[in-house]
Amino acid sequence: MASFHTLDDLGDVEGKRALVRVDLNVPMNDLEVTDDTRFRATLETVNELSGRGAIVLLLAHFGRPKGIQSPDMSLSLVTRQYGETLGRPVRFVDESAGPAVAEAIATMGPGDIAILENTRFYAGEEKNDPELARVMAENGDFYVNDAFSAAHRAHASTEGLAHLLPSYAGRAMEKELKALEAALGNPERPVAAVVGGAKVSSKLEVLRHLVTKVDHLIIGGGMANTFLAARGIDVGKSLCEHDLASTALEILEAADKANCIVHLPYDVVVAREFAPNPPTRIANVHEVEPDEMILDVGPAAVEALADAIKTCRTLVWNGPLGAFETPPFDKATVDLAQTAAALTQSGSLVSVAGGGDTVAALNHAGVADRFTFVSTAGGAFLEWMEGKELPGVKALLRA
Ligand code: ADP
Ligand code: MG
């Protein structure tokens with residue numbers, strides 16, 4: 001695996017200034033943080049650095065202020081609750097670069113922790129302006145990137161800084177990179193990928209990349225309909241991107257050439273209306289009526305998919321198999337997720353999943369903590385599944 005400096009490579013940091021890029025972009029309702037998952041993801045790194053006596057300066061973005069100082073997107077709004085998650089008070093500094101930060105540091109001691117203001121209040125952040133990165137770097141002795149979820153952006157605080165200071169992957173970043181490497185970089189074979197979700201169009205690059213990488217490609221969700229239709233199957237009123245038929249056929253051909261077995265559902269759950277618990281029936285894909293919609297993979301296909309992943313050592317999963325938010329169309333996703341979780345727990349499968357709705361679906365199935373690794377990074381996880389090099393990760397690579 002490409003190698004990174006981690007916190008293990010840091011020497012004595014007592015009294016040293018650590019600029020630590022984290023993800024504090026938590027959801028809020030009025031003035032309350034409604035989900036502190038992202039806060040909790042930073043704790044290992046922050047506690048370790050603080051415990052080792054560093055002066056910990058947290059850099060993060062919050063919302064999309066587009067270079068304008070916007071009080072409703074100030075990180076001061078989350079500082080108190082971050083301190084509650086951390087279990088100790090945290091300071092807030094109302095700039096993230098320049099003399100105001102230096103003045104605050106002068107009043108801090110070893111182990112102290114401060115959140116610096118939203119990096120996106122500076123126009124130079126999203127432009128990766130070298131001058132902004134230089135001014136930010138003046139307030140640090142070293143840089144730690146612990147925000148995998150922001151690593152697909154080449155911004156001053158996610159990429160630029162890594163070129164100016166000794167740079168290290170934080171603990172969460174390190175875990176994420178190791179898990180992703182185990183899943184697609186250098187996986188144990190055979191490897192299966194599950195790709196589901198609404199549309200082929202949002203995951204074309206993912207599919208194109210995966211067919212060259214995995215032994216089994218399991219296609220479910222709305223996007224399976226596009227593939228079925230491309231093969232001449234009438235999918236009725238199902239969500240389907242008919243204009244992508246030739247693209248779908250190209251992907252199937254590429255899979256064939258690469259010896260990747262593509263699994264499309266052969267039985268499906270259909271309904272005439274998309275509502276909770278409507279009348280449904282299980283149909284062979286060739287028997288979908290013109291006024292019916294495919295909303296989930298059928299039970300026989302799910303059993304075959306379970307058999308396929310039982311032969312595999314590695315599984316990577318993005319996208320639910322059906323419209324899982326609406327019962328009973330969660331069944332295929334829940335069943336296959338439970339199979340994957342059981343195989344993982346028995347030690348025969350490395351399972352890595354990611355994607356906003358995928359995480360929600362695995363939580364709904366009650367298995368998220370029984371997968372090897374579940375990534376909460378949305379865009380960054382998808383770009384990694386597309387085989388792209390993430391600029392924030394690349395900048396951390398050892399020279
Ligand atoms: P992720 O956020 O994990 O990348 P996506 O956003 O690609 O996943 O897809 C999730 C959405 O796909 C869910 O809202 C789900 O309801 C929808 N979906 C899955 N299967 C179907 C289907 N057969 N018909 C319509 N929508 C579907
Ligand atoms: Mg989504």
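The values are calculated or read from the model by the stated rules, or taken from the named source; none is laboratory data. Given the structure is predicted, the values throughout are model-derived calculations rather than measurements. Note that each Cβ is placed from the backbone with ideal geometry, even for glycine, and that neighbours are counted across all protein chains shown.
Computed values, structure above
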{"item": "Near pairs, Cβ below 6 angstrom, 6+ apart or cross-chain, from the range 233-249 (more than 16 Å from residue 323 (Cα to Cα)) to any residue that is away from ligand 1 (no atom under 16 Å from the Cβ)", "result": "236/290"}
{"item": "Candidate set from the range 185-199 (those that are part of a loop (DSSP other than H, G, I, E, B) and near ligand 1 (Cβ under 10 Å from one of its atoms)); member that is surrounded by the most Cβ atoms within 10 Å (Cβ to Cβ)", "result": "196"}
{"item": "Options 308, 342; residue that is at pLDDT 95 or above and either farther than 20 Å from residue 213 by Cβ or within 16 Å of ligand 2 (Cβ to nearest atom) (or both)", "result": "342"}
{"item": "Complete set of residues in the range 206-262 that are of a type in the set (Ser, Thr, Tyr) and either buried (at least 21 other Cβ atoms within 10 Å of the Cβ) or within 16 Å of ligand 2 (Cβ to nearest atom) (or both)", "result": "226"}
{"item": "Index of the failed condition, residue 159 passing every other in (1) of a type outside the set (Lys, Arg); (2) buried (at least 24 other Cβ atoms within 10 Å of the Cβ); (3) within 19 Å of the chain's Cα centre (by Cα); (4) more than 24 Å from residue 362 (Cα to Cα)", "result": "(2)"}
{"item": "Some residue of the range 325-339 being within 16 Å of ligand 1 (Cβ to nearest atom), touching a residue at least 60 places away in the same chain (Cβ under 8 Å) and out of contact with any Asp or Glu (no Cβ under 7 Å at 6 or more places or on another chain)", "result": "yes"}
{"item": "Any hit, the range 370-382, residues being within 16 Å of ligand 2 (Cβ to nearest atom) and either under 24 Å from residue 300 (Cα atoms) or of a type in the set (Asp, Glu) (or both)", "result": "no"}
{"item": "Test: residue 355 is among the small types (Gly, Ala, Ser), assigned by TED's automatic domain parsing to the domain that holds residue 191 and within 16 Å of ligand 1 (Cβ to nearest atom)", "result": "yes"}
{"item": "Tally, over the range 202-258, of residues that are away from ligand 1 (no atom under 15 Å from the Cβ), within 25 Å of the chain's Cα centre (by Cα) and assigned to a loop (DSSP other than H, G, I, E, B)", "result": "5"}
{"item": "Residue identified as in contact with a strand residue (DSSP E or B) (Cβ under 9 Å, 6 or more places away or on another chain) and under 29 Å from residue 369 (Cβ atoms) among 37, 45", "result": "45"}
{"item": "Matching entry among 239, 305 (being closer than 23 Å to residue 316 by Cβ and touching a strand residue (DSSP E or B) at 6+ places or on another chain (Cβ under 8 Å))", "result": "305"}
{"item": "Any chance residue 238 is farther than 20 Å from residue 291 by Cα, hydroxyl-bearing (Ser, Thr, Tyr) and either at pLDDT below 95 or out of contact with any Pro (no Cβ under 7 Å at 6 or more places or on another chain) (or both)", "result": "no"}
{"item": "Residues that are crowded, with 24+ Cβ neighbours inside 10 Å and farther than 18 Å from residue 373 by Cα, drawn from the range 164-183", "result": "168"}
{"item": "Filter result (among the aliphatic types (A, V, I, L, M) and away from ligand 2 (no atom under 15 Å from the Cβ)) within the range 185-202", "result": "191, 192, 193"}
{"item": "Of all residues making up the range 224-245, the number that are within 22 Å of residue 309 (Cα to Cα) and out of contact with any Cys (no Cβ under 9 Å at 6 or more places or on another chain)", "result": "2"}
{"item": "Selection within the range 311-328 - more than 16 Å from ligand 2 (Cβ to nearest atom) and surrounded by 21 or more Cβ atoms within 10 Å (Cβ to Cβ)", "result": "312, 314, 315, 316"}
